[in-house]
Amino acid sequence: DSVRGKEQGLYKYSFSVPASWKNKTVNIVFEGSMTDTEVKINGKKAGAIHQGSFYSFKYDISALLKYGKKNLLEVTVSKHSTNESVNGAERRGDYWIFGGIFRPVFLQALPKQHIEHVAVNGKANGEFTAVVKLSGAEEVTAQLYTMGGEKAGNTFSYKMKAGDSVATLQTSISNPLLWTPEFRNRYKVEFTLLSNGKPVHTVQEKFGFR
């Protein structure tokens, strides 16, 4: 048991970053790693050790990169977590026995002012709410579309106030096609971040009214 608890995966990967990314926010994204994951870029820690396996996590590595040059990624993955609640859930509860990086790892280059995260909720009566976490900019606009690309309802927006980092946007449409297990009708929503009246970042999400 003591030997098994110390199993580790050691990963090294050399990669290039375009010089044009120097003025962007660059994240390294892990879609799944089991379990405790320590990430280094060019010998420096990207952030706190990540614990837990079945969800994505990321680090802002903008300040650690060499732009226009080669960079070194080093990852140490401990199969068993130092957090007993993680081991209890994943090893003893669900009885997962594998370890290491098991989903894609990639770089994400974003404008300095960007949308970080979006959570959407479409209700069966046509009411739609979105919570948008963002970095910078003055306004977020949104538009609903059918999967065929036709507009559903009008454009709606949220104007940021000083100190805001989260925007809540709301709208409604009449008689939406509903998502059910039998009829999986879906819509798209497109969010656009505006700075000085100009679009700087756009994100799309798919969802269902239900």
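The values are calculated or read from the model by the stated rules, or taken from the named source; none is laboratory data. Just so you know, these numbers come straight off a predicted model, no measurement behind them. As a convention, Cβ positions derive from the backbone with ideal geometry for all residues, glycine included, and neighbour counts pool all protein chains shown. These area figures cover heavy atoms from the full protein model, side chains too; ligands, DNA and RNA do not enter into them. Shrake-Rupley method; radii C 1.70, N 1.55, O 1.52, S 1.80 Å.
Give me the net charge of Thr76's neighbourhood, meaning all other residues with Cβ under 15 Å from the Cβ of Thr76; Lys, Arg count +1, Asp, Glu -1. Display every interim value, and only then the final one.
Working: positive: Lys6, Lys12, Lys40, Lys44, Lys45, Lys79; negative: Glu7, Asp36, Glu38, Glu74.
After counting each charged neighbour, the total is +2.
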Local electrostatic count at Glu138 - Lys and Arg +1, Asp and Glu -1, tallied over other residues with Cβ under 13 Å: +1
Short version: ³J(HN,Hα) in whole Hz for each residue of region 198-210, in order, from phi by Karplus 6.51 cos²θ - 1.76 cosθ + 1.60 (θ = phi - 60°), x for Gly and Pro, what are they? 10, x, 10, 7, 10, 9, 10, 9, 9, 7, x, 7, 7
Using per-residue counts of other Cβ atoms within 10 Å, averaged over each peptide, order 189-195, 114-120 from highest down. 189-195, 114-120
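Taking a 1.4 Å probe, which of Leu177, Leu107 shows the most accessible area, and what order do the others take after it?
Values: Leu177 105, Leu107 55 Å².
Largest accessible area first, the list is Leu177, Leu107.
Heavy atoms only, 1.4 Å probe, whole protein assembly: order Ser14, Ser53 by accessible area, highest first. Numbers along the way, then the final one.
Numbers: Ser14 65, Ser53 0 Å².
Greatest to least solvent exposure: Ser14, Ser53.
Cβ neighbours within 10 Å, averaged per peptide: list 26-36, 165-175 in order, most packed at the top. Before the final figure, lay out the partial values.
Working: 26-36: 20.4, 165-175: 14.3.
Top to bottom by mean Cβ count within 10 Å: 26-36, 165-175.
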Integer Hz, Karplus 6.51/-1.76/1.60 couplings in order for region 138-149, x for Gly and Pro: 9, 7, 10, 10, 9, 9, 8, 9, 6, 5, x, x
With charges set only on the Cβ (+1 for Lys and Arg, -1 for Asp and Glu), what does the dipole of region 1-149 come to about its Cα centre, in debye to the nearest 20? 700
Karplus-derived 3J(HN,Hα), 6.51/-1.76/1.60, for each residue of region 178-191, Hz, glycine and proline x: 8, 8, 9, x, 8, 10, 8, 5, 10, 10, 10, 10, 10, 9
Please name whichever of Ser33, Thr76, Ile115 sits farthest to the positive end of the charge dipole of the chain, dipole taken about the Cα centre and charges placed at Cβ: Lys and Arg +1, Asp and Glu -1. Thr76
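Can you tell me, using C-alpha contacts under 8 Å and at least 6 residues apart, the relative contact order of the chain as a whole percent?
Numbers: 486 pairs, mean separation 39.4, N = 210.
Averaging sequence separation for qualifying contacts and normalising by length gives 19 percent for the chain.
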What are the extents of the Cα atoms of region 68-127 along their three principal axes, listed from largest to smallest and rounded to whole Å? 47, 43, 18
Starting from the Cα coordinates of the chain, work out the convex hull volume and express it per residue in Å³. 167
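Give the carbon-plus-sulfur fraction of the accessible surface of the chain in %, rounded to a whole number; probe 1.4 Å, heavy atoms of protein chains only. Please list the in-between numbers first.
Values: 6080 of 12340 Å².
Roughly 49 percent of what the probe reaches on the chain is carbon or sulfur.
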Helix-only [θ] at 222 nm, the chain, -39500 (n - 2.57) per DSSP H run of 4+, per residue, nearest 500, equals -500 deg cm²/dmol
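Whole number please: convex hull volume per residue of the Cα set in region 1-114, in Å³?
On the way: hull volume 11.6 nm³, N = 114.
Considering the Cα atoms of region 1-114, their hull volume per residue is 102 Å³.
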Residues of region 123-148 with amide N under 16 Å of a point placed 7 Å along Cα→Cβ from Gln108: 131-136
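Given a 1.4 angstrom probe, what's the average accessible area per residue across region 29-154, in square angstrom?
On the way: 6400 Å² over 126 residues.
Averaged over the residues of region 29-154, the accessible area is 51 Å².
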